[in-house]
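Report on one structure; see the data block that follows.
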Amino acid sequence: MEHTPQSDPRPIQRGSSPGIARRALDAVYALGGQLAALCVLSILILMIWASLGRVLNWQVGWINDVVAWLMAAAAFLGMAYSFRNGDFVRVTLLLESVSPRIRRWLEVSSLSVAAVAILYLGYWAMSFTLESYQFNDIAGNMVAIPIWIPQMSFAVGALILVIAVIDECVQVLRGGKPSYVVRVEERHARGDFSEEI
């Protein structure tokens, strides 16, 4: 069976479009990526504002706190989107030297380990955020807001990432290629090897 570069990694039934669950999951991953991009844009705007503020003697010390929270939010909210698009670093030396059948089981094994590790991370992120909410912890910096608000990006990002990893694991178990492999193959087919620089 030949794989075309533009094909979706999911098995396609003739005459059907992606199901509601597939579209909903893809929308969640895309929303996480869009929120991460919005955080990065906000960081840019705030840093320009802070640079101007220092020249004009404005009070801009609070910007450092907000930028730090936005950086964490950008990292965690964008993880699932980046993962599914093949933007995470993968060492494929072993995968490239084994048969497709062994490769599939190695992918399932690594995705299973990743799912367990990220579930653990997500559990503690949620627990930590809930504890901050219950104790009404306030940020001890220049911006005195409940700390659970910026911590939510950590918890939500970890939750979206664990869903994405489990989604990929199920895809590989069903005989499909992981989306991160398909996305890299699509880029290579277009002659884009920029991620390998």
(message) What does the C-alpha gyration tensor say about the overall shape of the chain? Classify as rounded when a/c is under 1.5, otherwise prolate if a/b is larger than b/c, or oblate.
(response) prolate
(request) Round to a whole angstrom and tell me the spacing of the C-alpha centers of the range 64-108 and the range 141-162. (result) 21
(message) Show me, for the range 131-146, the HN-Hα J-couplings you get by feeding each phi into the Karplus relation (A = 6.51, B = -1.76, C = 1.60, θ = phi - 60°), rounded to Hz, glycine and proline as x.
(response) 4, 4, 5, 5, 8, 6, 5, 10, 4, x, 9, 6, 9, 8, 10, x
(message) If I model a spin label as a point 7 Å beyond the Cα along the Cα-Cβ vector, how far apart are those points for residue 75 and residue 193 in nm?
(response) 3.1
(request) Kindly write out, for the range 25-34 in residue order, the coupling ³J(HN,Hα) from the Karplus curve 6.51 cos²θ - 1.76 cosθ + 1.60 (θ = phi - 60°), rounded to whole Hz, with x marking Gly and Pro. (result) 5, 4, 5, 5, 5, 5, 4, x, x, 5
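Please list, by residue number, every one of the chymotrypsin sites (Phe, Trp or Tyr not before Pro) in the range 24-111 that is coil in DSSP and has at most 15 other beta-carbon atoms within 10 Å. Could you put the intermediate results ahead of the total?
Numbers: sites: 29, 49, 58, 62, 69, 76, 81, 83, 88, 105; in loops: 58, 88.
Sites meeting the loop and neighbour criteria: 58, 88.
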(message) Could you identify which residue out of 38, 121, 52 has the top mean-square fluctuation in a GNM of the chain using Cα springs shorter than 10 Å?
(response) 52
(message) Of the candidates 187, 101, 23, which one comes out as most mobile in a Gaussian network treatment of the chain with C-alpha springs shorter than 10 Å?
(response) 101
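How high is the relative contact order of the chain, in percent, counting Cα pairs under 8 Å that sit 6 or more residues apart? Don't jump to the answer; show the numbers that get you there.
Numbers: 191 pairs, mean separation 61.2, N = 197.
Once divided by the residue count of the chain, the mean separation gives 31 percent.
List the chymotrypsin sites (Phe, Trp or Tyr not before Pro) within the range 109-184 that DSSP assigns to loop and that have no more than 16 neighbouring Cβ atoms inside 10 Å. Walk me through the numbers before you get to the answer.
On the way: sites: 120, 123, 124, 128, 133, 135, 148, 154, 180; in loops: 135.
Those satisfying the criteria are 135.
How big is the charge dipole of the range 82-175 about its Cα centre, in debye rounded to the nearest 20, if each Lys and Arg gets +1 on its Cβ and each Asp and Glu gets -1 on its Cβ? Mind showing how you got there, number by number?
Values: 6 positive and 7 negative charges, 87 e Å.
Dipole magnitude for the range 82-175 comes out near 420 debye.
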(message) Amide H of residue 138 versus every other amide H placed in the peptide plane: which residues, excluding those fewer than 5 positions away on the same chain, fall under 5 Å?
(response) 147
(request) Output ³J(HN,Hα) for the range 111-122: one whole-Hz value per residue in order, computed from phi by the Karplus curve 6.51 cos²θ - 1.76 cosθ + 1.60 with θ = phi - 60°, and x for Gly and Pro. (result) 5, 5, 4, 4, 4, 5, 5, 6, 4, 4, 4, x
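Just so you know, all these numbers are worked out from the coordinates, no wet-lab data involved. What you see is a predicted model, and the numbers here were worked out from it, not measured in a lab. Cβ: placed from backbone, ideal geometry, glycine included. Neighbour counts: every protein chain shown.
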